[in-house]
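Read the structure below first, then the notes.
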Amino acid sequence: MSFLKFFITPNKPCFIRKKVLKINNLVLPYYKFFKHIQYFLDREGLIYWGKIKKIIKYGSNYAIEYDKRIFVERKTIAIKA
């Protein structure tokens, strides 16, 4: 959290938000890479955030279950990443 406070304070310009990032073949401004988990269908390759319900370890991998359920075609689904 202190990392974000360094960049986002009222006294300092938020220069990182003006930067362009390239992740894989996707080139976007910094602020467009981060979206709330409810918009996970918008685009592949973005970084989604939200309140986490639980993290489960499977061998050397992890499963992240988000707290909010999402509506897709009038059905609710639990998001697991």
R0 of 35 Å, Cβ-Cβ distance E73-N25: FRET efficiency to nearest 0.05: 0.75
Per-residue ³J(HN,Hα) for the range 36-44, Karplus 6.51 cos²θ - 1.76 cosθ + 1.60, θ = phi - 60°, Hz, x for Gly and Pro: 5, 4, 5, 9, 5, 7, 4, 7, 7
Total formal charge among the other residues, if their Cβ is under 13 angstrom from that of D42, Lys/Arg +1 and Asp/Glu -1: +2
Cross-link table K32/K68; K18/K75; K19/K75; K18/K57; K22/K75, entries beyond 32 Å C-alpha to C-alpha: K18/K75; K19/K75; K18/K57; K22/K75
Rounded if a/c under 1.5, otherwise prolate or oblate - the range 17-78, Cα gyration tensor axes: oblate
Antiparallel %, DSSP beta bridges [both residues in the range 24-75], to 5: 70
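Every number here is computed from the coordinates shown, using simple stated rules; none is lab data. Everything numeric here is computed off the predicted structure, so don't read it as measured data. Positions of Cβ are backbone-derived with ideal geometry, glycine not excepted, and every protein chain shown enters the neighbour counts.
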